[in-house]
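J.: Below you will find the structure I want to go over with you.
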């Protein structure tokens, strides 16, 4: 909105002065009224431009990184090969998944890219890729790629591959799905002193910083969470730890647990119930919807076992 000033207009015209009364001051540093008005207008224009930039810059950033923005086929081709911007690759993969869910036959032109990206160096790309390949169970190549991804070094890539395999009627990733329900223990590979740590109860994103460790030669090691969730247990700052020591425990977030419970509804076994049942209790830590899914999964496993 333009910046206005109520002093401008008809009343802004200086009154006529007589030579004998209020002549303009000739003192050093005095600024004529017309010049002051000019400077004020320049300042207002500057503030207006700065205001637009403050609004436009975050909008452009959001627009360029928002995965819901529809891409043209040409943009899809460009994004899928944009190694300089992995988020562009993710964006294109998600768009492929949406077209797959809409049964768009033209989407098959990018299936070769999905297979190629199953071995991409960036974890977030492989994780998204694993999830999307489960959208079309009629592609043998997807099944084979997902089976290989069960050996991926990333826990979330393995988990998404296992969840997608369930859609193929393949329960070979059941152990990986169970791991999605368990807390993650974060350990240090070296000895040192904790100089900073997230306290218990802190919500954390995947890749979020859990603790900083200072080694005995004054190097800093950052310990990050492989999953999104909530810090359950954390070592206090100032604690000295040995290599292999547990520094924090992170509980998985609700989305991760929800998807794992839905998969176990179909492939879970009796021996999985001890991992599922903690989510059946009334708790402020997770929603009633999640609790009900845990109950339904428990019931489905028992009914399946009784037949």
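J.: So what's Rg/Rh here for the range 74-158, counting alpha carbon atoms and using the Kirkwood radius for Rh?
T.: 0.93
J.: Multiplying the sequence separation of residue 270 and residue 284 by 0.36 nm and subtracting their Cα-Cα distance, what value in nm do you get?
T.: 2.4 nm
J.: For a quick check: sort 139, 107 by the number of other beta carbons within 10 angstrom, fewest at the front.
T.: Ascending Cβ contact count within 10 Å gives the list 139, 107.
J.: Right, here's the next one. Would you please give the FRET efficiency between residue 102 and residue 291, computed as 1/(1 + (r/R0)^6) with r the Cβ-Cβ distance and R0 = 25 Å, to the nearest 0.05?
T.: Efficiency at R0 = 25 Å is approximately 0.15.
J.: Based on the Cβ-Cβ distance from residue 203 to residue 87, what FRET efficiency comes out when R0 is 25 Å, to the nearest 0.05?
T.: Once the sixth-power term is evaluated, E becomes 0.65.
J.: Would you give the gap between the C-alpha center of the range 89-139 and the C-alpha center of the range 184-208, rounded to a whole Å?
T.: Centre-to-centre (Cα) distance: 32 Å.
J.: What order do you get for 136, 296 when you list them from fewest to most C-beta neighbours inside 10 Å?
T.: 296, 136
J.: If the viscosity is 1.002 mPa s and the temperature 20 °C, what Stokes-Einstein diffusion coefficient in µm²/s follows for the range 184-252 when Rh is the Kirkwood radius over Cα pairs?
T.: The diffusion coefficient I find is 186 µm²/s.
J.: Over all alpha-carbon pairs of the range 58-200, lay out the pair-distance distribution in 10 Å bins, whole %, shortest bin first.
T.: 11, 36, 29, 17, 6, 1
J.: Could you tell me the calculated FRET efficiency between residue 215 and residue 78, based on Cβ-Cβ distance and R0 = 45 angstrom, to the nearest 0.05?
T.: 0.55
J.: May I pose another question? When all C-alpha to C-alpha distances in the range 254-306 are sorted into bins of 10 Å, what percent of pairs does each bin hold, rounded to whole numbers?
T.: Binned Cα distances yield the sequence 28, 58, 13, 0.
J.: Another question, then. What value does the range 168-307 have for Rg/Rh, both radii from Cα atoms and Rh as Kirkwood defines it?
T.: Radius of gyration relative to Kirkwood radius: 1.09.
J.: Also, I was wondering about something else. At q = 0.22, 0.30 Å⁻¹, what is the log10 ratio I(q)/I(0) for the range 171-217, with the Debye formula run over Cα points and no solvent?
T.: Relative scattering, expressed as log10 I(q)/I(0), comes to -0.90, -1.18.
J.: Let me ask you something else. Let's test this: bin the Cα-Cα distances of the range 219-299 at 5 Å from zero up to the farthest pair and state each bin's percent.
T.: In order of increasing distance, the bins hold 3, 13, 21, 18, 14, 10, 9, 7, 4, 1, 0 percent.
J.: May I ask you to list the residues of the range 211-244 whose amide nitrogen lies under 17 Å from a point 7 Å from Cα along the Cα→beta-carbon direction of residue 193?
T.: 212-222, 235-243
Every read-out reported here was derived from the displayed coordinates using simple, explicitly stated rules and does not represent laboratory data. Only a predicted model underlies this, so the values are computations on that prediction, with no experimental measurement involved. Glycine gets a Cβ as well: all are built from the backbone with ideal geometry, and neighbour counts include every protein chain shown.
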